[in-house]
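A short worksheet on the structure shown next.
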Amino acid sequence: MNADVMIIGGGIQGCSTAYHLALQGVSAIVIEKDYIARHASGVNAGGVRLLGRDMAEIPMSKASMEMWKTLDETLKFETGFRRRTLVNVAADGADIAMLQSRQTVMQKAGYFHEHLLDQSQLREVLPHVHSSCVGGVTSELDGYALPYQATMAFRQAAMQYGARFVEGEVLSSLRHVGPVWIGRTQTTTYEAGAVINCAGAWGDKVAMRIGDYVPLSFAAPMLMITARLPHFAKPVVGAVSRQLSFKQFENGTVLIGGGAKGYVDRDQNTTRLDYSKLASAAKTAIEFFPIMASASINRMWAGIEGYMPDNLPVIGPAVNAQNAFHAFGFSAHGFQLGPIVGKVLADLVLSGKTDFDLKAFRIDRYERKVL
Amino acid sequence: MIYDCAIVGGGPAGMNAAILLAEAGVRVVIMDRAARAGGQVYRSAADSVLPRPEALGLDYTEGVALITAFESCAATHIAAADVWHIGEDGMIFYSLNGTTRQLQAREILLCPGAIERPMPIPGWTLPGVMTAGAAQVMLKSDAVVAEKAIFAGSGPLLYLIVAQYLRLGVKVAGVIDTTPKANYLAALPGGAAALRSWPMLRKGLNLMREISNSGVPVFKAATNLSILGKTAATGLAFECNGAQEIQAETVFLHHGVIPHSNMSRSLGLEHLWNEAQQCWQVKTDSWGQSSIPHIAVAGDGAGIIGADGAQCAGRLAAFNILYRLNVFSLSERDQRAREDQSKLIGMTPFRAFIDRLYQPVEELRLPKDPETLVCRCEEQRLKDLRAGYEAGARDPNALKSLTRCGMGPCQGRQCGPIVSSLLARWRQEPEEAVGYYRLRSPQRLLSLAEFSRFQNNDETGTGAEVSG
């Protein structure tokens, strides 16, 4: 089977890339080893967050946020995106000091989307926050989307423009022969002019087949969701320095994260939860929001996510091969970037250029230059 | 505290296994949700609230002897324990009086029992519609009955509860039997072999005779059932020699039971599709040993065999566990097992006959009306699932992610089997190729406050000090 571009991995980055390529009349084929959005893209917390981003990510994150605003209309499929603002709660003076020094840096760089909150402003936006919390920081652009639905929206939109998706096929080899990339799965051989690695937590394996080495690690961020509660928090909530993260959806259920990680068997596609760590996330949630003591946990789960040592993704061209590109290792904050990453990759494939500075994301940033 | 064996579920299988293991002197703990053991079949049998429990039949009152024997055995019994996590590593977390406790065992025996097969006819989720099993729970636990109710469906449990109602003098509005005529013909060849279990067969025939002699209207081979009423059930419409309607405020539905597989699913044990019984069941060997060797499953939870079969299966699992614990030699195990093995083999023809006679019809197993709710918790209709499938969600978990079907507090108990079979029809593939939801702990709603106090390997909070 032939295409202009072969995309390995059917998460949000792969689906968004397929969409942006197909939109420009480029034939794209996405090869997914399980099913579309099976892993991190389908089971993450759905945070669409600009607040607190690493400086290197802010330009892309801002551009992506612009796209999220109208994404449902653009794609003509629902992503479940809701703009709800995000509030990071400051528990003490040290948190406030940290926020103030970041604010100085941000404003010097020309970014004004983060706003500090004093104690009374915090209580105004989050009436149920514990009275000891001293303030916080907020970004009004932020919100959440429904991860599986959003990834499927990209897939469906891409299909309308002719992109193809194959599910349940595992890449067994990838070779660059002359101008052609030849990828084999257990049933089919695919040929394309370019290959894009959007393989998430498996991105290092695909990178190796392309010829690039990268020190990716992987883990299983854990989440739990409650049965329905009366509405008590409209914004998405995080904390400056504590393991607190939750959002209450329109149906009243509360999704609690916080970054605690379980165990992964990457080859088996399985994860195991670490209940002590999840329990401490539950404890933190109740400490900050006593109203949650009345909640009941309905489900707990974890997804498989790839992490880079600096928690920044790999985005950009391959260094050891032509017509090959990477976008993986988003280190548990790639969902919001999905819309723009697809566009950046499409631009790179078609023109070799992009509007963004990708230096911080290059794949060889950990390559040993000297022995 | 590490136990040699932990048993989850105190029905006929669990109690029998506990008695044997305790007799052999191994450290065995059994956890059960009820205050007194007995499972669904012997629920409250040992402390019945009914003035005349014998009206429920000998099968029920005979449970008292087993419960008494169980309660006098040396097994540690943790009553009112809500198990919410079982790990491959042998760790079990359970709620007891609002606190999570934990224990560990070398061998685990799951005896989760059966649940009723969902019966998604139009209106099945309306208030006033319950299952025959719910009628039994109300009767056994609280001596509560529903006057002038309709009983609709097929299978031994349906006829049993109707007969129990009649013996207690409760009026029944009608029995709508959906067993198709074709099933009688198909089961007939197995009838002769089933005669070997004549007492069982006679019990069934007596139930039928009790019902037909009572003067309660009985409609046979009924089709096209739908619940009447908009906001609550007001009766049942069906076809039986023409269109029929019966008015009633309560409709009890039943068409057989299936293994309660949430525990075995959460553990990631292998499952298979049982074509004869049209349901999923955990894959085990003849000793109940699952795809993870130190985890066994026995009783109806491992495949429907009935209470008598469950007693044998519980004992067989116990013999094998004793062998695995080096208490029994191989020959001791095999010798001790012989009696129960031959009993189980003896029951096979009757079971096959019943399975064939009451094999659920697709029309009652899967919804037909696009408006019928499949997922009660998240209110997903057949048409919503179909739309999700057409959008590309071909896997049960993908469909769950897209539509929220199966995400509610019942953990997919109700919709799971329906979703697998719907996808199998739509994909034109067998159920085994389609698979089932990936389930996780907690196995039921768990208080966030309780969980927030949880610490792994807490040395003070083990279940060892608790006994029932």
*Could you say whether any residue in the stretch B:77-92 is touching a residue at least 12 places away in the same chain (Cβ under 8 Å), outside the structural domain of B:Leu139 (by TED's automatic domain parsing) and under 19 Å from B:Cys312 (Cα atoms)?*
no
*So A:Val87 clears everything in (1) in contact with a Cys (Cβ under 9 Å, 6 or more places away or on another chain); (2) buried (at least 22 other Cβ atoms within 10 Å of the Cβ) except one condition, right? Which one?*
(1)
*Mind listing just one residue for me: the one in the stretch A:132-161 that is outside any loop (DSSP other than H, G, I, E, B) and away from chain B (no Cβ under 14 Å) and, of those, surrounded by the fewest Cβ atoms within 10 Å (Cβ to Cβ)?*
A:Ser139
*Please report, ordered by residue number, the strands (runs of 3 or more DSSP E) entirely within the stretch B:113-166 with at least 2 residues that are hydrophobic (A, V, I, L, M, F, W, C), touching a helix residue (DSSP H, G or I) at 6+ places or on another chain (Cβ under 9 Å) and at pLDDT 95 or above.*
B:114-116, B:149-154
*Only one of (1) in contact (Cβ under 8 Å) with a residue 24 or more places away in the chain; (2) more than 30 Å from A:Ala360 (Cβ to Cβ) fails for A:Gln268. Which number is that?*
(1)
*asked:* Take the residues in the stretch B:339-370 that are farther than 16 Å from B:Leu185 by Cα and polar (S, T, N, Q); name whichever of them is nearest to the chain's Cα centre (by Cα).
replied: B:Thr348
_Take residues that are within 14 Å of chain B (Cβ to nearest Cβ), at pLDDT 95 or above and within 22 Å of B:Ala398 (Cβ to Cβ) and tell me which of the strands (runs of 3 or more DSSP E) falling wholly in the stretch A:162-227 contain 1 or more._
A:164-167, A:217-226
_Criterion violated by B:Leu422 - all others in (1) more than 14 Å from every other protein chain (Cβ to nearest Cβ); (2) modelled with pLDDT under 90 satisfied_ = (2)
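Taking the stretch B:367-410, which residues are polar (S, T, N, Q), out of contact with any Gly (no Cβ under 6 Å at 6 or more places or on another chain) and farther than 27 Å from B:Lys230 by Cα?
B:Asn397
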*What residue, among those in the stretch A:284-301 that are out of contact with any strand residue (DSSP E or B) (no Cβ under 7 Å at 6 or more places or on another chain) and more than 7 Å from every other protein chain (Cβ to nearest Cβ), is nearest to B:Pro409 (Cα to Cα)?*
A:Ser294
*asked:* Here is a check on your reading of the model: is A:His115 in contact with a strand residue (DSSP E or B) (Cβ under 7 Å, 6 or more places away or on another chain) and surrounded by fewer than 16 Cβ atoms within 10 Å (Cβ to Cβ)?
replied: yes
*Restricting the stretch A:252-270 to residues that are buried (at least 23 other Cβ atoms within 10 Å of the Cβ) and facing chain B (nearest Cβ under 10 Å), which is nearest to A:Ala220 (Cα to Cα)?*
A:Ile256
*How many residues does the stretch B:211-267 contain that are within 13 Å of B:Val175 (Cβ to Cβ) and either out of contact with any Lys or Arg (no Cβ under 9 Å at 6 or more places or on another chain) or surrounded by fewer than 21 Cβ atoms within 10 Å (Cβ to Cβ) (or both)?*
21
*Given (1) within 14 Å of chain B (Cβ to nearest Cβ); (2) surrounded by fewer than 21 Cβ atoms within 10 Å (Cβ to Cβ), number of the condition A:Ile304 does not satisfy*: (2)
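Here's the yes/no breakdown for (1) among the basic types (Lys, Arg); (2) buried (at least 21 other Cβ atoms within 10 Å of the Cβ); (3) part of a helix (DSSP H, G or I):
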| residue | (1), (2), (3) |
| --- | --- |
| B:Ala35 | no, no, no |
| B:Arg43 | yes, no, no |
| B:Ala46 | no, no, yes |
| B:Tyr60 | no, yes, yes |
| B:Val64 | no, no, yes |
| B:Thr68 | no, no, yes |
*In the list A:Gln336, A:Gln322, which residue meets the criterion of being at negative phi, in contact with a His (Cβ under 9 Å, 6 or more places away or on another chain), among the polar types (S, T, N, Q) and part of a loop (DSSP other than H, G, I, E, B)?*
A:Gln322
*Does B:Ile150 fit the bill of being assigned by TED's automatic domain parsing to the domain that holds B:Asn206 and touching a Cys at 6+ places or on another chain (Cβ under 8 Å)?*
no
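When the stretch B:266-286 is examined, which residues are found to be assigned to a loop (DSSP other than H, G, I, E, B) and in contact with a Leu (Cβ under 6 Å, 6 or more places away or on another chain)?
Answer for the stretch B:266-286, where residues must be assigned to a loop (DSSP other than H, G, I, E, B) and in contact with a Leu (Cβ under 6 Å, 6 or more places away or on another chain): just B:Lys283.
Residues checked against (1) in contact (Cβ under 8 Å) with a residue 60 or more places away in the chain; (2) β-branched (Val, Ile, Thr); (3) farther than 30 Å from B:Leu168 by Cα:
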residue	(1), (2), (3)
B:Arg27	no, no, yes
B:Met31	yes, no, yes
B:Ala34	no, no, no
B:Ala37	no, no, no
B:Gln40	yes, no, no
B:Ser44	yes, no, no
*asked:* Whether any residue in the stretch B:352-373 is away from chain A (no Cβ under 13 Å), in contact with a Ser or Thr (Cβ under 9 Å, 6 or more places away or on another chain), closer than 27 Å to B:Glu275 by Cα and basic (Lys, Arg) is what I want to check.
replied: yes
_Qualifying residue in the stretch B:124-144 (condition: crowded, with 23+ Cβ neighbours inside 10 Å, more than 17 Å from the chain's Cα centre (by Cα), free of Cβ contacts under 8 Å to residues at least 40 places away in the same chain and not assigned by TED's automatic domain parsing to the domain that holds B:Ala22)_ = no
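Taking the residues in the stretch B:425-439 that are surrounded by 20 or more Cβ atoms within 10 Å (Cβ to Cβ) and assigned to a helix (DSSP H, G or I) as candidates, determine which candidate is farthest from the other protein chains (Cβ to nearest Cβ).
Among them, the one singled out is B:Glu431.
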*asked:* Need pairs with beta-carbon distance below 8 Å; first residue of a type in the set (Lys, Arg) and within the stretch B:220-234, second surrounded by 16 or more Cβ atoms within 10 Å (Cβ to Cβ) and assigned to a loop (DSSP other than H, G, I, E, B); sequence gap 6+ or separate chains.
replied: B:Lys220/B:Thr179; B:Lys220/B:Cys240
*Please go through the stretch B:337-352 and pick out each residue that is surrounded by 19 or more Cβ atoms within 10 Å (Cβ to Cβ) and modelled with pLDDT of 95 or more.*
B:Ala337, B:Asp340, B:Leu344
*Working carefully through the options B:Gly392, B:Gly406, find the one that is surrounded by fewer than 22 Cβ atoms within 10 Å (Cβ to Cβ), not in a helix (DSSP H, G or I) and not polar (S, T, N, Q).*
B:Gly392
_Subset tally (residues that are over 19 Å from B:Gly113 (Cβ atoms) and out of contact with any Asp or Glu (no Cβ under 8 Å at 6 or more places or on another chain)) for the stretch B:290-318_ = 1
_Scan of the stretch B:386-402 for residues that are at the interface with chain A (Cβ under 7 Å from one of its Cβ atoms) and closer than 18 Å to B:Leu373 by Cα, ordered by number_ = B:Ser401, B:Leu402
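The values are calculated or read from the model by the stated rules, or taken from the named source; none is laboratory data. This one's a predicted model, so the numbers in the text were calculated from it and none came from an experiment. For neighbour counting, all protein chains shown are included, and Cβ atoms are generated from backbone atoms with ideal geometry for every residue, glycine included.
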